[in-house]
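Visitor: Please find one structure pasted underneath; my questions will follow.
We did not get these values from a lab; they are worked out from the coordinates using the rules stated. As the structure is a prediction and not an experimental result, all values here were calculated from the model. Please note: Cβ atoms are built from the backbone with ideal geometry, for glycine as well, and neighbour counts cover all protein chains shown.
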Amino acid sequence: MTFVVPFDGSELAEAALVRAVEYATALDEDVVAVSVVPERKRYAREKGWIEENESYDVDAVVARLREQVRTLAPDATFEYERIREFPPESKLAGHIERLALDHDPSVVFLGSDNVGRVVTPLTSVGVHIAAEESYDVFIVRQPEPPKVDAIVPHAEFYGQDDSS
């Protein structure tokens, strides 16, 4: 079994990665974080990777994403795909899903605050990833962990000390 986390560096993607690590530790599974990085500046601004007037260095963004993954999940694998176009959400989701499927995941941990809501727009990347039936989807909607006694939260991620 492998747990895969689509990772864009957002707060909920970070929470999904940490949650995947917590469950993987309990179940002795591997974790892979996957990212798709379009080379278009507009997408980078939308994701908060760069400021409005900042130049876009794709390699620097990839390095930042890799470092975030390493910091949150030192034993996780990080893979990314660099694409030239700025695809519609459904095509972007296709790239992410292909990266995920390369690892034959049993569970995809997806950080999203709108997957599964009735009002979810049909263009959401999360909707497309969650629609795949070959794996289960664990949707992380809150940055804080759920109350599961068997799972030991990574205290440093949640701003807690280890003494509790």
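Visitor: Calculate, in nm to one decimal, what Glu81 and Arg40 gain on full extension: separation in residues at 0.36 nm each, minus their alpha carbon distance.
Guide: The span from Glu81 to Arg40 would gain 13.4 nm if fully extended.
Visitor: According to a simple spin-label model (label point 7 Å from Cα along Cα-to-Cβ), what is the distance in nm between Asp30 and Ala63?
Guide: Going from the Ala63 label point to the Asp30 one covers 2.7 nm.
Visitor: Name the long-range amide H neighbours of Val137: under 5 Å, sequence gap of 5 or more, or other chain; modelled H, no Pro or chain starts.
Guide: For Val137, whose amide H was placed from the backbone, the distant partners under 5 Å are Val108.
Visitor: Here's another thing I want to ask about it. Multiplying the sequence separation of Arg70 and Leu101 by 0.36 nm and subtracting their Cα-Cα distance, what value in nm do you get?
Guide: In short, 9.0 nm is gained.
Visitor: Highest mean first, how do 47-53, 37-43 rank when packing is the count of other Cβ atoms within 10 Å averaged over residues?
Guide: 37-43, 47-53
Visitor: Also: Can you tell me the length gained on complete extension of the stretch Phe138 to Asn53, counting 0.36 nm per residue apart and subtracting the Cα distance?
Guide: Taking 0.36 nm per residue and subtracting the Cα distance, the gain is 27.0 nm.
Visitor: Moving to a separate point now. Sort the following peptides by mean Cβ neighbour count (other Cβ atoms within 10 Å, averaged over residues), highest first: 3-10, 93-100.
Guide: 3-10, 93-100
Visitor: Go through 76-83, 18-25 and give me the packing order, highest mean Cβ count within 10 Å leading.
Guide: Put in order of decreasing packing, that is 18-25, 76-83.
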